[in-house]
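S.K.: Supplied in structure tokens, the structure appears directly below.
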Amino acid sequence: MSAGITAARVAEFLGKGLLDVLVDLFKADPALYRLLGELVASPEMGVRLGTSALVEELAAVDPGRRGLAAAALAPLLAAADPVRRGDAAWLLGFVGGAAERTALESLAARDPNADVREAAAEAAEKIGAMLTSFLPRTIVAELKYHEKGSAMEEKVKKALDQIRGSLQADGGDVEFVSVGADGVVKVRLVGACAGCPMSQMTLKQGIERYLKQQIPEVKEVVSV
């Protein structure tokens, strides 16, 4: 750690408005990041506000060391004082990663203080958006598809269950296989339906027609 630089010294610099100087010092000496927790826990509001500005600035200009800031701030989520918990939660929204997001989500669900819960929820959401922005666009699209696709799959399965009885009455049945982002539903005709010469009519005029009526997103039903 830079010689003579303590939390009290950083607080003094903050009081003098020397934010740019502190940013340069932290960038030059990563060991200084360890002081952030002590500074956020300061009883002086001016120091806490100055430290908040410092953390936000460091997150922007020294992003590779956000993990160091997060490590210094995360323990304060368990502080007895709700002000400390809330301040730490808010700042983790700028520097936290996946682990901090999980901790914040837990805090948002369980903390007895409403302000802390709100700060934690907002910070967790901010981290989630930040993490998503770092993923390749194809992966983001795939994640969104899977989230939406699971709901679509349930709709299709329920609709198939509605017409299953009439198929079984003739000795046949239908099995769900998959539904794609393009709205194409794949099914497997079994039993009497599998070898029936009218299977295509059953598929298109019966199953496909019914699914389209019940679920507008369905574009086509094919047998595999």
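Derivation of every value follows stated rules applied to the coordinates shown; laboratory data play no part. Everything numeric here is computed off the predicted structure, so don't read it as measured data. Methodologically, a virtual Cβ is constructed for each residue, glycine included, from the backbone with ideal geometry; neighbour enumeration extends over all protein chains shown.
S.K.: Fully extended, how many nm does the chain gain between Q200 and A181 (0.36 nm per residue separation, minus their Cα-Cα distance)? Walk me through the numbers on the way to the answer.
M.R.: Working: separation 19, 0.36 × 19 = 6.84 nm, distance 2.33 nm.
Length gained between Q200 and A181: 4.5 nm.
S.K.: Taking H placed 1.01 Å from N in the peptide plane, check which residues at least 5 places from G172 or on another chain put their amide H under 5 Å from its amide H.
M.R.: A192, C193
S.K.: Would you list F13, F26, F94 from fewest to most Cβ contacts within 10 Å?
M.R.: Values: F13 17, F26 26, F94 22.
Ascending number of Cβ neighbours within 10 Å: F13, F94, F26.
S.K.: Still on this structure, please answer the following. List, in order, the whole-Hz ³J(HN,Hα) value for each residue of region 64-78 obtained from phi through the Karplus relation with A = 6.51, B = -1.76, C = 1.60 and θ = phi - 60°; use x for Gly and Pro.
M.R.: x, 10, 4, x, 5, 5, 4, 5, 6, 8, 4, x, 6, 5, 9
S.K.: Would region 1-138 count as rounded, prolate or oblate if I go by the C-alpha gyration tensor, calling it rounded below 1.5 in a/c and otherwise prolate when a/b exceeds b/c, oblate otherwise? All intermediate terms of the calculation are to be shown ahead of the outcome.
M.R.: Details: a/c = 2.22, a/b = 1.29, b/c = 1.72.
Note, shape of region 1-138 comes out oblate.
S.K.: Rounded to the nearest 5, what % of the DSSP beta bridges within the chain are antiparallel ones? Please report the intermediate quantities before stating the final value.
M.R.: Values: 7 of 11 bridges.
Antiparallel: roughly 65 percent of the beta bridges in the chain.
S.K.: A follow-up question, please. First measure r as the distance between the Cβ atoms of A60 and E153, then evaluate 1/(1 + (r/R0)^6) with R0 = 41 Å and state the FRET efficiency to the nearest 0.05.
M.R.: Working: r = 41 Å, r/R0 = 1.00.
For R0 = 41 Å, the calculated efficiency reads 0.50.
S.K.: Another question, then. Work out Dmax and Rg for region 9-66 from the C-alpha atoms and quote the Rg first, both in angstrom.
M.R.: 10.3, 29
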